[in-house]
1. Pulled fully out, how much extra length does the chain show between ASN135 and ASN168, if you take 0.36 nm times their separation in residues and subtract their Cα-Cα distance?
2. Counting other Cβ atoms within 10 Å, keep those with at most 10, restrict to DSSP loop, and tell me which GluC sites (Glu not before Pro) in the stretch 111-183 are left.
3. In nm, what is the difference between 0.36 nm times the number of residues separating LEU12 and ASP57 and their Cα-Cα distance?
4. For a footprinting-style exposure proxy, rank SER119, SER32 by other Cβ within 10 Å, fewest first.
5. Given H placed on each backbone N at 1.01 Å, which residues far from ALA115 in sequence or on other chains put an amide H within less than 5 Å of it?
6. Counting other beta carbons within 10 Å of each Cβ, put ASP35, ASP53, ASP106 in order, fewest first.
7. Relative to the longest principal axis of the C-alpha atoms of the chain, give the angle of the C-alpha long axis of helix 17-32, reported between 0 and 90° and rounded to the nearest 10°.
8. Given the Cα-Cα distance of ASP106 and TYR147 and 0.36 nm per residue of separation, how much length would full extension add, in nm?
Amino acid sequence: MSIRIVAIIGSLRRDSNTKKLLLNAQNVLQQSHNDVVVDLYDGIGNLPFVNEDLESDYYKNNHHVIKFKDLIRHADGILLATPEYNYSLPGVLKNAIDIASRPHGDNVLVGKPFAILSSSPGITGGIRAQMAIRNSMFAFGGFTTGYPEFILPAAHQAFEVETQKLKNEQSIQALQNYLNGFVNLVKKNITPVTDENSATDVEKKAKKDQTN
């Protein structure tokens, strides 16, 4: 049985370090795990802003929204790559998370295992963006690999110019170890979602846990 992971690029910049990092992660996963299929998604900039006045239309008719939610719905795990903006995640990535979580009864993030890769030109490697993402994802009953996180400081100097591959052997090994842990987590927690219950029952449980 193959494991399907949707990998979401959390930056809009064409040559962003975030995209380079996620492409390196995709290569690692495909070379190390024959049973893993990675669906790379770089379209968060095409998603509309969350607006409850308009969502009855765009959830039914906007093909960008439909594709995005279907990728997550049919994935066994979610891999997010993010830069850090002002001590947090980019607004466009937060909007994508919110789009995936609505409308009520069709939250495709509920109970999904997730992993986060972050990068930054600074020494913290985007760790504060990771914390902000965790706050959102934990609200849906999601679970992650925890410590150690994968961060990439000095990201503007981390990649080979021609190949875009990571230069540092220690970073490559850390990425490999982190992704191995994520794949193991996904395999342990695969739960088939049927059309009958979709995410509704799990979503109700997650909301109940939040209020207890």
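1. 8.8 nm
2. GLU160, GLU162
3. That works out to 13.7 nm of additional length.
4. SER32, SER119
5. ILE78, LEU79, LEU80
6. Fewest-to-most ranking of ASP35, ASP53, ASP106: ASP53, ASP35, ASP106.
7. Tilt of helix 17-32: around 90 degrees.
8. Working it through step by step, the gained length comes to 11.8 nm.
Just so you know, all these numbers are worked out from the coordinates, no wet-lab data involved. Source: prediction; values computed, not measured. Methodologically, a virtual Cβ is constructed for each residue, glycine included, from the backbone with ideal geometry; neighbour enumeration extends over all protein chains shown.
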